[in-house]
1. From the set of residues in segment 132-149 that are in a helix (DSSP H, G or I) and open to solvent by 50 Å² or more (accessible area, probe 1.4 Å), which is farthest from Glu78 (Cα to Cα)?
2. Quick check on this structure: which one of Gln89, Gln105 is open to solvent by 40 Å² or more (accessible area, probe 1.4 Å) and either touching a Cys at 6+ places or on another chain (Cβ under 8 Å) or within 25 Å of Asp136 (Cα to Cα) (or both)?
3. Restricting to segment 150-163, name every residue that is buried (at least 18 other Cβ atoms within 10 Å of the Cβ) and either hydroxyl-bearing (Ser, Thr, Tyr) or within 19 Å of Ala108 (Cβ to Cβ) (or both).
4. Do we find that Phe122 is open to solvent by less than 80 Å² (accessible area, probe 1.4 Å), out of contact with any strand residue (DSSP E or B) (no Cβ under 7 Å at 6 or more places or on another chain) and aromatic (Phe, Trp, Tyr) in this structure?
5. Checking the conditions here, which among Gly48, Gly16, Gly85 is on the phi > 0 side of the Ramachandran plot, under 16 Å from the mean Cα position of the chain (by Cα) and modelled with pLDDT of 85 or more?
6. Just to be sure before I move on: is Ala97 aliphatic (A, V, I, L, M) and either more than 24 Å from Leu50 (Cα to Cα) or open to solvent by less than 10 Å² (accessible area, probe 1.4 Å) (or both) in the structure I sent?
7. Looking at Leu125, is it under 10 Å from the mean Cα position of the chain (by Cα) and either modelled with pLDDT under 95 or part of a helix (DSSP H, G or I) (or both)?
8. Within segment 49-73, can you find the residues that are within 19 Å of Phe122 (Cα to Cα) and of a type outside the set (D, E, K, R)?
Amino acid sequence: MRQALDQLFDALRKEGILPEAPAGGAAATGESAAGQVYGEAEEALQRGDLDGAKAAFQRVLDRNPRDEGAKRGLVLVEVSRRVRGVDAQGALRDAEAKPDDVQAQLLAADVEAVSGRIDAAFDRLLGAVRRTAGDDRDAVRKHLVELFELLPPDDPRVGKARRSLQAALF
């Protein structure tokens, strides 16, 4: 379990979803305090303490409401809540077997996102937007926009997916 979590956090850092926490020992002021809280949040996520991680990210936002990393962290916590206890491989198989099942597609995209496969999550939801209409389409669109928040706004994958979403909608 520990090895799987370490791999997950490495993938999330590589994707830019989880911010880098600086090495310990920094003074608890300014950015170093935020770095320590990021470390607390990561430790809480590793323990499966989503409430603790949420509280840590919220403390960063209380100090600096514009902290994009903490905002991304809160979204990661919410996505992690949705996949907690889910059989990841089963969710992906279910989504493949039921391409028109919106809930299956949303769950599979969440599984892909927390697994560090953000491009696959975006592609899955973009395909669902193209195949759906009405309330289902709106639910998929909103879910996709939420997943965009896992990455920095200037990430080229977000820009590409936003353009694809716009083309799919119009």
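1. Checked segment 132-149; the qualifying residue farthest from Glu78 (Cα to Cα) is Gly134.
2. Just one listed residue meets the conditions, Gln89.
3. Leu150, Leu151, Ala161
4. Yes.
5. Gly48
6. When the stated conditions are applied, Ala97 passes them.
7. Spelling it out, it is not the case that Leu125 is under 10 Å from the mean Cα position of the chain (by Cα) and either modelled with pLDDT under 95 or part of a helix (DSSP H, G or I) (or both).
8. Gly73
The values are calculated or read from the model by the stated rules, or taken from the named source; none is laboratory data. Everything numeric in this text was worked out from a predicted model, so none of it was measured. Neighbour counts run over all protein chains shown; Cβ positions are idealised from the backbone, glycine included. Surface areas here come from the heavy atoms of the whole protein model, side chains and all, with no ligands, DNA or RNA. Shrake-Rupley method; radii C 1.70, N 1.55, O 1.52, S 1.80 Å.
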